[in-house]
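Notes follow once the structure below has been shown.
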Amino acid sequence: MEKYDVIVIGGGLLGCFTARALTRYRLKLALLEAREDVCTGISRANTAIIYSGADTKPGSLKSEMCVRSAQTFANLCSQLGVRYSPCGSLMISFGPRGEEVLGKKMAQGKANGVRGLALLSREEVLSIEPNVSPAVTAGLFAPEAGTVIPWELGIAAAENALHNGAEFQFNSAVTRIEKVPDGYVLEAGGRPFHARGIINCAGLYADGLHEMVAKPSVRIYPEAGDYYILDTKASGVIRHIIFHEPEEKGKGLTLVPTVDGNILLGPSKIPSGEKNDAFPTSKEGLEWLCGLAEQVIPSLPMEHVIRSFGAVRPNPFYVRHDPDTGLLHRDDKGISDFILHETDGAPNFLSFIGIKTPGLTCALELGLYAADRMAALLGNLQPNDAFNPNNPAPLRLKELSEEARAQRVREKPSYGRIVCRCRGISEGEIIDSIHHSIGAKTVDGVKRRTGAGSGRCQGGFCTQRIIEILSQELGIPVCDIQKDRPGSKVIGGKDHG
Amino acid sequence: MADCEILVIGGGPAGMAAVLGAWEAGCRKILLVERSEQLGGILRQCLHSGFGLATFGEELTGPEYARRYIQRLQGLPVDILTDTSVIELKPDGTALLSGAVSGLTNIKAAAVILASGCRERPIGTLPVTGTRPSGIFTAGAAQKMVNLGGYDFGQRFVILGSGDVGMIMARQLALLGKTIIAVLEKEARCGGLERNRINCLERFNIPLRTLCTVTRVHGSARVEGVTVRNLSDGHEEYIACDTLITSVGLIPERELAEQAGGGGALPDWLYLCGNACYVHDLVDDVTYEGEAIGRAAADFVRTGRKKAAPAIMNGTRTAVNGKAGKTICIACPKGCPLVKTDTGWSGALCGRKDPVPSE
Ligand SMILES: Cc1cc2nc3c(=O)[nH]c(=O)nc-3n(C[C@H](O)[C@H](O)[C@H](O)COP(=O)(O)OP(=O)(O)OC[C@H]3O[C@@H](n4cnc5c(N)ncnc54)[C@H](O)[C@@H]3O)c2cc1C
Ligand SMILES: Cc1cc2nc3c(=O)[nH]c(=O)nc-3n(C[C@H](O)[C@H](O)[C@H](O)COP(=O)(O)OP(=O)(O)OC[C@H]3O[C@@H](n4cnc5c(N)ncnc54)[C@H](O)[C@@H]3O)c2cc1C
């Protein structure tokens, strides 16, 4: 049985950044991920915003981490070779209730140490965002907000962790954890692992894993959400992240001009109760988005929608065992701050349960927090002097000058052959993504790493070619290439051809 | 930077015809750029017959029709770059080309003809909820997988949309022994050509369910089923299937033109033809128009003046889409209404004396 100092469960943003932070110490470390790749869970379906830190209460861990993260995010991205768009955010109101909220957030943001916040008049809002509905009354501008591609960030953190010594085990769902005198024995993907300490970053399923070693104390009550993505043809309609503060009570709409030049719209809020990691969309949610979009940005070209997707919010609540009924009793209010859960009977077992917004923004900070706590618990750890925080960015041809690009094509002709016509991605970039240290193994893996298949034709032209390239580069038959999870083969029918 | 008189983008029937038209009008420095390794465009994957009746008086398969034009082009000293994409068309008329062998180069032409065809509308543009597992394909992508890849990609199919490509795929999959549970159409009548409805669906007992649509996809890894809604009474039912094919519309692929025009009007030096201009039902129309556009572009190169766009031949379209219920001839792609003559019935457009009535 392989023995480790620390095992991280789950390869979402939190798991990847926790693993990266742990490699600052000299220890033997593995990350166990149930799926075939990193960032296929909540980290794949969220709003992609780097929050300034004006939205949360002063004095909380969340606010402290968020402000620090936002102010250093560009730096983190350049370290990891990840694209970042520091576009700023604009919260807009449509009447006195909304204006009051803006005022509150302004004060709260100042107390949290957010820089550059400014209350804008209606005219000022319309001058920087001319397509916002003329019914707007005021705005709160936060220059230090931005947007990133969440999985691009997570993959880079994972690769950096790998280069610094972490091991990654995919298709390794942890199904059993047993407490033994010198730590824990886990069963994952049918194999046993031993670890002195465990950090549970299993996203939607973190409560279940926690309960493998502890009594129920925190449970996740999920809630669904829906998003729309607009084609890059709509880019320019908005320039900042827009938070709509509705006049009536209820949720407002969020719009994000993404790093790739699309517009992201969402999320809706749909009570669902289901931990469905296939993330289905709902009719109510999508209709709600369309309705609000028309109110907030009347000229938003909804004919340019190219895709919708679903998300699941992992809402955490404290639960207590009710001795009278024998049932679990849930607190009325959910847990709002970020908490790294520990339990008396389970030493060196740390759990992130239900880390919601701004978990993406704070991924670095949360990872450092968990790693340092684990280091303190294990004691006597040496720093890893060889730790290198930098990760080389993949070659992105579109970012090069014409001369530099032409030179690349001369050196490697496959950089000249365009496979994804909508995003302009070359065969060479797809091949690179497959041979990266945490390389693509599936069609969706290629899409997350290169963008190929995510444009206006949604893979209609290139999916077959991408499958053929995967087959050739990985040396496995075309009929064994999966779209994403096991059982999702594209060619060869439903695993029977 | 290399120069040429006319740059043609796309080597499908439209682009090939444009080259021929420009050549015949006296233009000599012509460059044709095609993304694929071979010329022919969408025709390469259309293995069914039904092409070229108006032009050649015979029914050819797509590749046969394409071959006639490829051979004519090969006889001319025009430059053809295959395996090369135009990735940018700048407002000054410079095109940026990218290819594995041809490298990355700028080409400046006096006139550019965009013949880049069309793309299929993806499912994401429809109000279909649920999951997005493996097993959802657009009809054209499915056609390419079967006909150019030889791949098998499902057993039990639901086809959403009764466009021509969808119906042609339904027939082909039925011939391969697959189960086609139904073709669903949200309108009250078939969306494609009447002759395709008869030849591809009716003859194979494939049910066409009009006023029906898919509202939800089920399955997490692979498609497991779809929810089908009857739009006339609102009734919903679950249909188990492992593959969903969508044939819900084609969109002209002319982003390069939008780029060159900078959002405004098309520059004078830029021409569009074939499916990049509007979606055509018949390849004969595409060829005819392509040649006319080629001549017009050659004229522009010579005179520096753009004449009014050549009239678009649209005559066959109404007849082809013969109203459901009306008897048409299904012997050829024109699908003419039947007219009574002294000697019996004949096709109104093609004059065929041995028409095959649809009913
Ligand atoms: C709708 C929505 C919008 C959001 N928007 C934003 C935003 O705009 N800005 C922001 O800062 N934050 C945002 N967040 C928060 C942020 O997305 C999350 O905090 C972050 O992605 C959480 O990552 P994670 O690693 O905890 O979860 P996940 O990404 O879900 O990762 C968990 C991983 O654990 C794996 N796993 C599960 N069970 C097991 C097992 N038994 N064994 C092994 N592996 C297992 C899963 O396969 C998965 O890969 C949003 C969240 C939601 C839900
Ligand atoms: C399934 C199907 C069945 C049909 N059946 C019939 C029938 O039976 N009878 C009939 O008469 N007609 C039929 N048609 C209609 C007819 O064949 C098409 O309308 C016609 O082929 C369109 O020609 P095109 O040249 O405009 O486009 P395409 O054939 O699509 O060619 C466009 C070409 O441009 C290339 N290209 C695009 N962008 C670039 C770029 N940036 N750089 C370089 N190259 C580029 C593409 O690779 C492609 O080769 C059918 C069409 C389909 C799809």
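Coordinate-derived values only; no laboratory data. Everything quoted here is computed from the prediction, not taken from an experiment. Don't worry about glycine lacking a Cβ; one is built from the backbone with ideal geometry, like all the others, and counts go over all protein chains shown.
Summary table
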item: Burial ranking of peptide ranges B:201-211, A:204-214, A:38-48 (average Cβ count within 10 Å, highest at the top); result: A:38-48, A:204-214, B:201-211
item: Entries in A:K447/B:K90; A:K269/B:K186; B:K29/B:K306; A:K233/A:K398; A:K57/A:K110; B:K144/B:K178 that, when Cα-Cα distance is taken, lie over 21 Å; result: A:K447/B:K90; A:K269/B:K186
item: Long-range amide H partners of A:Y4 with built H, under 5 Å; result: A:H194, A:A195, A:R196
item: Quarter of Cα convex hull surface for chain A, i.e. mean projection, nm²; result: 25.5 nm²
item: Calculated FRET value between A:E123 and B:A188, using beta carbons and R₀ = 51 Å, to 0.05; result: 0.50
item: Hydrodynamic radius of the stretch A:63-104 per Kirkwood, over alpha carbon pairs, in Å; result: 12.6 Å
item: Label point distance in nm, A:N384-A:N131, each placed 7 Å from Cα along Cα→Cβ; result: 4.4 nm
item: Potential lengthening between B:Y278 and B:R72 on full extension [0.36 nm per residue; Cα-Cα distance subtracted]; result: 71.6 nm
item: Amide hydrogen neighbours beyond the local backbone of A:S172, cut-off 5 Å, H modeled; result: A:E33, A:A34, A:R35
item: HN-Hα J in Hz across the stretch B:17-24 - Karplus 6.51, -1.76, 1.60, θ = phi - 60°, x for Gly and Pro; result: 5, 5, 4, 5, x, 5, 4, 4
item: Residue exposure sequence - B:D284, A:D344, A:D484 - by fewest surrounding Cβ within 10 Å; result: A:D344, B:D284, A:D484
item: Cα→Cβ-extended label distance, 7 Å offset, between B:R302 and A:H321, nm; result: 9.4 nm
item: Rounded to whole Hz, the Karplus (6.51, -1.76, 1.60) HN-Hα couplings of the stretch A:440-450, x for glycine and proline; result: 6, 10, 10, 4, 5, x, 5, 4, 5, 7, 10
item: Cα-based Kirkwood hydrodynamic radius, chain B, one decimal, Å; result: 21.8 Å
item: Sequence-separation-based contact order of chain A, relative, with Cα cut under 8 Å and 6+ spacing, percent; result: 19 percent
item: Long-range HN-HN contacts of A:E167 with modeled amide H, under 5 Å; result: A:L29, A:A30, A:L31
item: Helix B:283-303 axis, angle to chain B major axis (alpha carbon atoms, nearest 10°); result: 20 degrees
item: Fewest-first ranking of A:K483, A:K441, using other Cβ atoms within 10 Å as the exposure measure; result: A:K441, A:K483
item: Number of partner chain Cβ atoms within 10 Å, mean per residue of B:94-101; result: 4
item: Taking B:C118, B:C273, A:C290, A:C362 and counting other C-beta atoms within 10 Å, the order from fewest to most; result: A:C290, B:C118, A:C362, B:C273
item: At R0 = 35 Å, FRET efficiency that the Cβ-Cβ distance of B:A240 and A:E294 yields, to 0.05; result: 0.45
item: J(HN,Hα) series, the stretch B:89-105, from Karplus relation 6.51 cos²θ - 1.76 cosθ + 1.60, nearest Hz, glycine and proline x; result: 10, 7, x, 8, x, 7, 10, 9, 9, 9, x, 5, 8, 7, x, 9, 9
item: Average silhouette area of the protein assembly as shown, convex hull of alpha-carbon atoms, in square nanometres; result: 40.2 nm²
item: Share of alpha-carbon pairs per 5 Å distance bin for the stretch B:1-83, given as whole %; result: 3, 15, 26, 24, 16, 11, 4, 1, 0
item: Helix-only mean residue ellipticity at 222 nm for chain A, each DSSP H run of n ≥ 4 adding -39500 (n - 2.57), per residue, nearest 500; result: -9000 deg cm²/dmol
item: Isotropically averaged projected area of the stretch B:122-248, using the convex hull of Cα atoms (one quarter of hull area), nm²; result: 7.0 nm²
item: Zone residues, the stretch A:44-70, relative to A:K110, backbone N less than 16 Å from point 7 Å out along Cα-to-Cβ; result: A:54-55, A:58
item: Spatial extent of the stretch A:397-480: Rg and Dmax, with the Cα atoms as the point set, Å; result: 12.4, 39
